[in-house]
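Asks: Just passing along the structure, written as structure tokens.
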Amino acid sequence: MGNIAIGGGAPVTVQSMLNTKTTDVDACLKQISELTDAGCDLIRIAVPDENSATAFGIIAARTGLPLIADIHYNYKLAHLALDNGARKIRMNPGNMRDFGQIKELARRMSGEGIPVRVGVNGGSLHPDYKTMDEADALVASALDCAEVFETCGLKDIVVAIKASDVKVMTEANRKLAAICDYPLHLGVTEAGTMRSGLIKSALGIGTLLQEGIGDTIRVSLSAPPVEEVLAGKTLLRTLGLRRNCVEVVSCPTCARTEIDVEKLANAVERVTAHVTIPLKIAVMGCPLNGIGEGEGSNLGVAGGKEKSVILKDGKIFETVSSELLIPHFMTLLDEYIEEYSKNQHN
Ligand code: SF4
């Protein structure tokens, strides 16, 4: 994760936000490492007070990554975060409406070449806009704030309009995309737990991406941030917007299932999250559909009662004891990725 381009035809990026206390530097560093291993492109950290701003500086220095500081209410914290190495500021105009303060911040950021994300949320829309239709209000609030930054010379602006209502979120982003050229950060806010959050995000973000709208995404979930990253990558891969990653196909299981499909599929997904080559891996519970599905995969496994079949490049590669299948398959997977990467570089 180095400097990341957003917009202007750059690939759509996946971002997430730490849920550790910013002042707990070790916990933050551990979570950053998990997120980068999972393929997160951009990481945001909340800076709710001065101690957090100090901790932000320590974290930024120790990771060397271009971290985003998330600021609400207090523009002084944005200055402190900038003093401490923030490479981008996310601010919400719904709760920072003093345009004088915003101008001062904008001039500094413009001078230092620091981008801003103007992030407007349905839940924290400023009362000035509340008489308008919700989607129109979100658009107007975002554009008014972006204009303040622009007039101060800051051109590097990303705009995010989020709402927990998928229809409002999609409608507002369509309106915004039709009238401005800012790169757009997409997300359904307060999307919920894994189940509802994934469905809402896939609908909201996925619909817009399919229409060619959106430059960076966050799948917000009430779940560990690494799940947001894995979901974001899966969404991009499903839409054909990210090809260099691993696709794990696995069967839904049934009375014929002979191996722990869920455990193996999850393990494969986790250990291959950082892999940037286009592999398809099939994890199937029995030979009935397993062998056929494995034929279209780079690697596949079809569980059996005592013996399981491993497929490599679409062909039966070996038969192993089902008891030893999972560790054996994981070793084979490592070897396959290494071999594939070497061949690509030759
Ligand atoms: S692959 Fe086999 S175990 Fe899995 S759902 Fe199909 S029939 Fe059942």
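Asks: Run L288 past the list (1) away from the ligand (no atom under 12 Å from the Cβ); (2) assigned to a helix (DSSP H, G or I); (3) loosely packed, with under 15 Cβ neighbours inside 10 Å and report the number of the one that doesn't hold.
Replies: If we test L288 against (1) away from the ligand (no atom under 12 Å from the Cβ); (2) assigned to a helix (DSSP H, G or I); (3) loosely packed, with under 15 Cβ neighbours inside 10 Å, just (1) comes out false.
Asks: Please indicate, with yes or no, whether at least one residue in segment 39-47 is more than 28 Å from N244 (Cα to Cα) and touching a strand residue (DSSP E or B) at 6+ places or on another chain (Cβ under 8 Å).
Replies: yes
Asks: Out of (1) among the small types (G, A, S); (2) assigned to a helix (DSSP H, G or I); (3) farther than 28 Å from K130 by Cα, what's the single condition that is false for A106?
Replies: Among (1) among the small types (G, A, S); (2) assigned to a helix (DSSP H, G or I); (3) farther than 28 Å from K130 by Cα, A106 violates only (3).
Asks: Quick one: count up the residues across segment 298-321 that are farther than 13 Å from L332 by Cβ and within 13 Å of the ligand (Cβ to nearest atom).
Replies: 4
Asks: How about segment 124-159: which of its residues are assigned to a helix (DSSP H, G or I), of a type in the set (G, A, S) and touching a helix residue (DSSP H, G or I) at 6+ places or on another chain (Cβ under 9 Å)?
Replies: Those that are assigned to a helix (DSSP H, G or I), of a type in the set (G, A, S) and touching a helix residue (DSSP H, G or I) at 6+ places or on another chain (Cβ under 9 Å): A135, A137, A140, S141, A142.
Asks: Next up: Taking V283 as the residue in question, decide whether it is within 12 Å of the ligand (Cβ to nearest atom), aliphatic (A, V, I, L, M), modelled with pLDDT of 90 or more and not in a loop (DSSP other than H, G, I, E, B).
Replies: yes
Asks: How many residues does segment 23-62 contain that are more than 15 Å from the chain's Cα centre (by Cα), under 29 Å from L236 (Cα atoms) and not hydrophobic (A, V, I, L, M, F, W, C)?
Replies: So the answer is 1.
Asks: While we're here: Of the residues T253, T207, which is closer than 26 Å to G192 by Cβ, modelled with pLDDT of 90 or more and more than 16 Å from the ligand (Cβ to nearest atom)?
Replies: One residue alone meets the criteria, T207.
Conditions (1) surrounded by fewer than 19 Cβ atoms within 10 Å (Cβ to Cβ); (2) assigned by TED's automatic domain parsing to the domain that holds V275; (3) out of contact with any His (no Cβ under 7 Å at 6 or more places or on another chain); (4) at pLDDT 95 or above, marked per residue:
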| position | (1), (2), (3), (4) |
| --- | --- |
| C40 | no, no, yes, no |
| I59 | no, no, yes, yes |
| T63 | yes, no, yes, no |
| I68 | no, no, yes, yes |
| N74 | yes, no, yes, no |
| N84 | no, no, yes, yes |
| E104 | yes, no, yes, no |
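The values are calculated or read from the model by the stated rules, or taken from the named source; none is laboratory data. Worth saying up front: this structure is predicted, and the values here are computed from it rather than measured. Virtual Cβ from ideal backbone geometry, glycine too; neighbours counted across all protein chains shown.
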